[in-house]
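The values are calculated or read from the model by the stated rules, or taken from the named source; none is laboratory data. As the structure is a prediction and not an experimental result, all values here were calculated from the model. Cβ sites come from the backbone with ideal geometry, for glycine too, and all protein chains shown count toward neighbours. Surface accessibility is based on the protein's heavy atoms, side chains included, excluding ligands, DNA and RNA. Shrake-Rupley method; radii C 1.70, N 1.55, O 1.52, S 1.80 Å.
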Amino acid sequence: MSGTLVLAEHLGGKVRDVTLELVTAAQGLPRPVTVAVIAASPEALLDSVDLVGVDEIVAVRAGESDDFENDVYQQALDTLLDGSEPEVILAGFTVNSMGYAPAVAARRELGFASDVFSVEVESPGTIVATRAFYGSKVHGELTFAAGAPVLLLLRPTVWAPATPGGSAARRHLSLETTPSRARHRGYREPPPSEVDITTSDFLLSIGRGIGERDNIERFVELAEKMGATLAVSRPIVDAGWMPSARQVGQSGKTVKPKVYLAFGISGAVQHLAGMKGAGTIIAVNSDPDAAIFSVADFGAVLDLFDVADELDKLY
Amino acid sequence: MKTVVCVKQVAALGDEVEIDDSGRDVDHDYLESSLNEWDVFALEEALRLKESLDGQDGHEVVVVTVGDEECEQALRRCLAMGADRAIRVEAGGIDESDPLTTARRLAGIIGREVPDLVLCGVQSSDAVQAATGVMLAELAGLPRVAVVTSVHYDATSAKAQVHRELEGGLLDEVEVGMPALLTIQTGINEPRYANLRAIKQANAKEIEVVNVPSEGPRAYTVRKMFVPEKGDGAEMLGSDAAVVAARIAEIVRARLS
Ligand SMILES: Cc1cc2nc3c(=O)[nH]c(=O)nc-3n(C[C@H](O)[C@H](O)[C@H](O)COP(=O)(O)OP(=O)(O)OC[C@H]3O[C@@H](n4cnc5c(N)ncnc54)[C@H](O)[C@@H]3O)c2cc1C
């Protein structure tokens with residue numbers, strides 16, 4: 001067992017940002033760092049993963065199209081591991097990875113952890129990964145059984161993207177895969193919308209803490225008075241109270257307003273993924289340990305309705 | 001058609017946190033339990049599927065959890081919502097709470113029940129691993145689709161057309177033959193509430209308790225759990241709502257100008 005294998009992720013002919021972050025994370029891990037690109041025609045993607053810090057690129061030709069199918073990725077990763085076992089395997093904590101990485105780990109009895117935001121080699125052969133538990137309120141250090149590779153799904157946007165301009169060696173592999181039992185049939189774009197929360201300088205964002213549907217209206221009004229655009233966390237969309245176009249987070253929009261004012265949002269990892277790049281984050285939450293305070297610049301541990309009442313008077 | 005829904009009693013921390021004497025878990029006295037949000041949507045989807053196929057014989061929704069006796073609360077809530085049967089698999093302690101160990105135990109039940117469809121939540125709110133369902137699919141030899149926001153099942157072809165929700169809300173249209181395992185995302189449906197009578201009836205129902213061994217290495221071992229340093233953290237604006245509102249208005253004005 002040696003080295004670190006990075007599994008590239010791509011969509012629509014483009015390598016996704018998380019892949020560049022994985023390469024940065026790999027820099028503190030066993031060398032060589034190999035990046036695998038799995039696709040029907042991987043060649044076109046290879047230049048984008050030739051990043052500083054990559055020693056080798058493996059182009060794995062597999063599947064009938066470049067679109068993700070979980071069994072194809074599983075077979076491809078299996079073949080790579082059959083060839084030579086790396087010490088560490090890195091993939092993003094993304095929807096695609098969720099579809100195949102745990103299966104590979106279960107089948108091959110690999111060490112496995114997801115949503116990892118820190119990883120180090122404590123001593124040769126001992127990998128320690130850190131992730132959160134219990135609503136991100138506590139962190140846990142994880143260790144893994146010796147003798148098997150460790151497959152880690154890393155939290156996106158934690159590591160800086162690696163820079164282009166590498167000079168990695170390239171290797172090509174062609175796989176005869178059996179067709180995936182779950183077949184990709186097409187894509188459907190989110191419905192078009194009149195609001196675009198990504199262009200607003202000031203978002204007033206509300207979460208499950210607002211409690212009831214009847215409370216939406218007052219925040220619509222408050223946002224208007226304050227000159228803010230109203231944004232929401234996922235549960236508000238799940239409940240059908242607001243359209244998905246206003247959702248901030250991993251499965252919603254990534255926003256970078258000058259000011260992000262959050263009311264009653266706990267700060268789940270998938271929410272933070274969409275807003276932690278905001279200029280100034282202000283959070284109001286009745287729970288002093290809410291994870292949102294860890295990314296906020298300003299905070300208040302208060303009932304959000306009390307603060308909203310006072311803001312109403314000011315605007 | 002038989003559907004097995006795997007559910008978890010999740011634990012949330014209240015306003016206080018205390019690490020236990022082992023240093024490897026939080027003190028359970030500080031935890032509040034509930035049925036995992038994602039699993040509520042998964043169960044609702046199973047119940048709707050069953051109802052849509054009604055009129056044909058033998059449709060059953062079975063819920064299963066891995067956990068100690070306290071976790072039967074989660075199963076009772078599922079029974080009250082309309083699940084036909086509930087099974088609890090005994091669990092080990094902290095050293096056996098990793099997703100692979102849990103998946104092995106669940107696989108024992110899938111092997112026995114031989115369902116047409118298995119539904120799991122995408123993730124549990126307390127651990128956020130998004131791993132147990134897909135591990136279970138592999139161990140049970142089932143095709144799977146993760147992070148599903150819509151299911152259309154066609155009984156004649158025994159195939160389901162499902163949507164998988166990717167980053168940014170893009171939907172991937174996927175076709176999968178039954179039997180299969182789907183991990184269900186929140187918002188896929190509007191879960192029903194159980195009425196008082198159903199809750200009473202659920203409390204009287206029997207829950208089957210079984211032991212399923214889990215042999216093989218764990219996915220990981222928790223070596224240490226700790227409350228993260230607050231770091232620089234947020235600058236706190238005080239505890240008077242009027243003062244806080246004034247400060248917010250001031251900060252907003254300054255940053256936007
Ligand atoms: C694949 C995937 C993608 C996802 N994508 C997204 C996404 O794009 N966006 C997203 O938001 N989530 C997303 N999620 C869901 C995410 O995991 C969380 O479930 C969600 O962000 C929680 O929303 P919330 O903070 O509003 O609710 P909760 O976590 O329930 O938090 C509510 C908060 O309100 C506070 N509160 C309650 N009452 C009051 C009061 N009166 N005054 C002040 N505070 C109060 C509570 O203390 C709590 O902190 C995704 C999940 C998955 C699995």
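If you check B:Gly238, B:Gly216, B:Gly187 for being touching a Pro at 6+ places or on another chain (Cβ under 9 Å) and not β-branched (Val, Ile, Thr), only one passes: B:Gly187.
If only residues of the range A:200-217 that are within 13 Å of the ligand (Cβ to nearest atom) and charged (D, E, K, R) are counted, the one that is surrounded by the fewest Cβ atoms within 10 Å (Cβ to Cβ) is A:Glu212.
The set of residues in the range A:224-247 that are at the interface with another protein chain (Cβ under 10 Å from one of its Cβ atoms) and either assigned to a loop (DSSP other than H, G, I, E, B) or aromatic (Phe, Trp, Tyr) (or both) comprises A:Gly227, A:Ala228, A:Ala239, A:Gly240.
The residue that is nearest to the other protein chains (Cβ to nearest Cβ), among those in the range A:265-277 that are surrounded by 24 or more Cβ atoms within 10 Å (Cβ to Cβ) and under 18 Å from A:Thr229 (Cα atoms), is A:Gly274. Only one entry in A:Ala145, A:Ala91 is surrounded by fewer than 19 Cβ atoms within 10 Å (Cβ to Cβ) and either aliphatic (A, V, I, L, M) or within 15 Å of A:Leu22 (Cβ to Cβ) (or both), namely A:Ala145. Out of B:Asp84, B:Asp39, B:Asp27, B:Asp98, one residue alone is out of contact with any Cys (no Cβ under 6 Å at 6 or more places or on another chain) and either open to solvent by 50 Å² or more (accessible area, probe 1.4 Å) or of a type in the set (Lys, Arg) (or both). It is B:Asp84. Summed over the range A:31-47, residues that are surrounded by fewer than 18 Cβ atoms within 10 Å (Cβ to Cβ) and not acidic (Asp, Glu) total 5. Listed by position, the strands (runs of 3 or more DSSP E) enclosed by the range B:3-86 that each have at least 3 residues that are closer than 21 Å to A:Gly140 by Cβ are B:9-13, B:31-35.
Looking at the range B:213-224, can you tell me whether even one residue there is under 30 Å from A:Leu311 (Cα atoms), facing chain A (nearest Cβ under 7 Å) and hydrophobic (A, V, I, L, M, F, W, C)? Taking every residue of the range B:213-224 in turn, none turns out to be under 30 Å from A:Leu311 (Cα atoms), facing chain A (nearest Cβ under 7 Å) and hydrophobic (A, V, I, L, M, F, W, C).
Residue-by-condition table, conditions (1) more than 36 Å from the chain's Cα centre (by Cα); (2) within 30 Å of B:Glu18 (Cα to Cα):
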position: B:Gly216; (1), (2): no, no
position: B:Tyr220; (1), (2): no, yes
position: B:Ala234; (1), (2): no, yes
position: B:Asp240; (1), (2): yes, yes
position: B:Ala246; (1), (2): yes, no
position: B:Glu250; (1), (2): yes, no
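Scanning the range A:85-105 for residues that are touching a residue at least 40 places away in the same chain (Cβ under 8 Å), more than 7 Å from chain B (Cβ to nearest Cβ) and not hydrophobic (A, V, I, L, M, F, W, C) yields a total of 6. Does A:Gln250 satisfy the criteria of being more than 7 Å from chain B (Cβ to nearest Cβ), within 17 Å of the chain's Cα centre (by Cα) and either closer than 23 Å to A:Pro192 by Cβ or open to solvent by 30 Å² or more (accessible area, probe 1.4 Å) (or both)? Taking the combined requirement at face value, the residue does not satisfy it.
Checking each residue of the range B:104-123 against the condition of being in a loop (DSSP other than H, G, I, E, B), surrounded by fewer than 24 Cβ atoms within 10 Å (Cβ to Cβ) and facing chain A (nearest Cβ under 10 Å) gives no match. Please go through the range A:253-264 and pick out each residue that is open to solvent by less than 10 Å² (accessible area, probe 1.4 Å) and either within 6 Å of the ligand (Cβ to nearest atom) or part of a loop (DSSP other than H, G, I, E, B) (or both). Hits for the range A:253-264 are A:Val255, A:Pro257.
Just the residues that are hydrophobic (A, V, I, L, M, F, W, C) and either within 8 Å of the ligand (Cβ to nearest atom) or out of contact with any strand residue (DSSP E or B) (no Cβ under 9 Å at 6 or more places or on another chain) (or both), please, taken from the range A:222-236.
Let us first name the residues in the range A:222-236 that are hydrophobic (A, V, I, L, M, F, W, C), namely A:222-223, A:226, A:228, A:230-232, A:236.
Within the range A:222-236, A:Val232, A:Ile236 meet the criteria.
Checking the range B:238-252 against the condition returns a match, with at least one residue being within 11 Å of another protein chain (Cβ to nearest Cβ) and either open to solvent by 90 Å² or more (accessible area, probe 1.4 Å) or closer than 28 Å to B:Asp84 by Cα (or both).
Does the range B:125-135 contain at least one residue that is of a type in the set (S, T, N, Q) and open to solvent by less than 20 Å² (accessible area, probe 1.4 Å)? Yes, the range B:125-135 contains at least one residue that is of a type in the set (S, T, N, Q) and open to solvent by less than 20 Å² (accessible area, probe 1.4 Å). Residues of the range B:68-76 include none that is touching an Asp or Glu at 6+ places or on another chain (Cβ under 6 Å) and open to solvent by less than 30 Å² (accessible area, probe 1.4 Å). Note on the range A:156-169: among residues that are of a type outside the set (Ser, Thr, Tyr) and surrounded by 14 or more Cβ atoms within 10 Å (Cβ to Cβ), the one that is nearest to the other protein chains (Cβ to nearest Cβ) is A:Pro156. Take the residues of the range B:166-185 that are within 16 Å of the ligand (Cβ to nearest atom) and assigned to a loop (DSSP other than H, G, I, E, B): which is farthest from the other protein chains (Cβ to nearest Cβ)? Among those that are within 16 Å of the ligand (Cβ to nearest atom) and assigned to a loop (DSSP other than H, G, I, E, B), it is B:Gln185. Only one entry of A:Arg131, A:Arg108 meets the criterion of being more than 7 Å from every other protein chain (Cβ to nearest Cβ) and crowded, with 24+ Cβ neighbours inside 10 Å, and that entry is A:Arg131. The residues of the range A:117-144 that are of a type in the set (A, V, I, L, M) and closer than 17 Å to A:Pro30 by Cα, listed by number, are A:Val119, A:Val121, A:Ile127, A:Val128, A:Ala129. Pairs are defined by a Cβ separation below 7 Å, a sequence spacing of at least 6 or placement on different chains, a first member in the range B:70-86 that is of a type outside the set (S, T, N, Q), and a second member that is open to solvent by 60 Å² or more (accessible area, probe 1.4 Å) and assigned to a helix (DSSP H, G or I); the pairs so defined are B:Arg76/B:Asn203; B:Ala80/B:Ile199.
Looking across the range A:279-307, just one residue is outside any strand (DSSP E or B), more than 7 Å from chain B (Cβ to nearest Cβ) and more than 9 Å from the ligand (Cβ to nearest atom), and that is A:Val295. Checking the range B:186-193 against the condition returns no match, with no residue being more than 10 Å from chain A (Cβ to nearest Cβ), more than 18 Å from A:Glu69 (Cα to Cα) and not in a loop (DSSP other than H, G, I, E, B). Condition first: closer than 15 Å to A:Ile206 by Cβ and within 11 Å of the ligand (Cβ to nearest atom). Now tell me which residues in the range A:242-252 satisfy that. Of everything in the range A:242-252, those that are closer than 15 Å to A:Ile206 by Cβ and within 11 Å of the ligand (Cβ to nearest atom) turn out to be A:Ser244, A:Arg246, A:Gln247, A:Val248, A:Gly249, A:Gly252.
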